[in-house]
Amino acid sequence: MAMLLGACARRAPTPSIALPSLQLAPAALGHELSVQQRLHFQFGRQQRDLDALLEVDAQEVRLAVQAMGQTGVRLQWDGQQLQEQRAAWLPPAVRSARVLDDLQFSLWPSDAVRAALPADWQLQDDGVTRRLSRGGQDWLVLTRVSPQRLQLDNRAEGYQLEIESLEPTPP
């Protein structure tokens, strides 16, 4: 999600360091999930608001992100292959693999994330803040502001993302 928003910037940022790819199995989340989200992305002075629909079951992760009523990207991850459908207007800097990594870093259990990391990367999680670090430097930081609101700070690529999960409307 974060990179999708990050691509709204005119140029892709040059990362300070390459963050590791997680590629976690959908089942590693440990439960099914279906949630509508509002995303607020900030890269430098540029800011964008997007809507997302996320669904996860034991077999697949599905994510659709829209801007101004138009679908920008649809992602499907089955634990082996990442498939995407992109709108022509979506900047090439939007990298589906980074979107999936940010999503999994933010929502999957710490043990699953930790198991996917190369030996020189560390994950600390105190229940409020999750930090991905290497060489004593935090490169990706997630803050759980509330059960419905997360803030992701990608220091390697220079963007911030706020994710607000919307409560289902009662029938």
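The values are calculated or read from the model by the stated rules, or taken from the named source; none is laboratory data. Values in this document were obtained by computation on a predicted structure and should not be read as measured data. FYI the Cβ positions are ideal-geometry reconstructions off the backbone, even for glycines, and counts take in every protein chain you see. These accessible areas exclude ligands, DNA and RNA; they are computed on the full protein's heavy atoms, side chains included. Shrake-Rupley method; radii C 1.70, N 1.55, O 1.52, S 1.80 Å.
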### Query
Hey, His31 hits all of (1) within 16 Å of the chain's Cα centre (by Cα); (2) modelled with pLDDT of 95 or more but one; which does it fall short on?
(1)
### Task
Restrict the check to the stretch 104-112 and report whether at least one residue is surrounded by 13 or more Cβ atoms within 10 Å (Cβ to Cβ) and either more than 22 Å from Gly30 (Cα to Cα) or of a type in the set (D, E, K, R) (or both).
no
## Note on the structure
Among strands (runs of 3 or more DSSP E) entirely within the stretch 79-161, at least 3 residues that are basic (Lys, Arg) and at pLDDT 95 or above occur in 129-134
### Query
Out of Arg130, Arg38, which single residue is among the basic types (Lys, Arg) and either farther than 20 Å from Arg149 by Cβ or touching a Phe, Trp or Tyr at 6+ places or on another chain (Cβ under 8 Å) (or both)?
Arg130
### Query
In the stretch 66-83, how many residues are within 15 Å of the chain's Cα centre (by Cα) and open to solvent by 80 Å² or more (accessible area, probe 1.4 Å)?
1
### Task
Those residues that are more than 19 Å from Glu157 (Cβ to Cβ) and in contact (Cβ under 8 Å) with a residue 24 or more places away in the chain, I need them from the stretch 68-94; list them, please.
Trp77, Asp78, Gly79
### Message
Based on this model, can you work out whether Arg130 counts as closer than 14 Å to Ala18 by Cα and buried (at least 17 other Cβ atoms within 10 Å of the Cβ)?
### Response
no
### Message
Of everything in the stretch 23-49, what is under 27 Å from Gln80 (Cβ atoms), in a strand (DSSP E or B) and open to solvent by less than 30 Å² (accessible area, probe 1.4 Å)? Give them in sequence order.
### Response
Val35, Gln37, Leu39
### Query
Among the listed residues Ala58, Ala97, which satisfies the condition of being touching a residue at least 24 places away in the same chain (Cβ under 8 Å) and touching a helix residue (DSSP H, G or I) at 6+ places or on another chain (Cβ under 7 Å)?
Ala58
### Query
With respect to Asp153, is the statement that it is of a type in the set (D, E, K, R) and buried (at least 17 other Cβ atoms within 10 Å of the Cβ) true?
yes
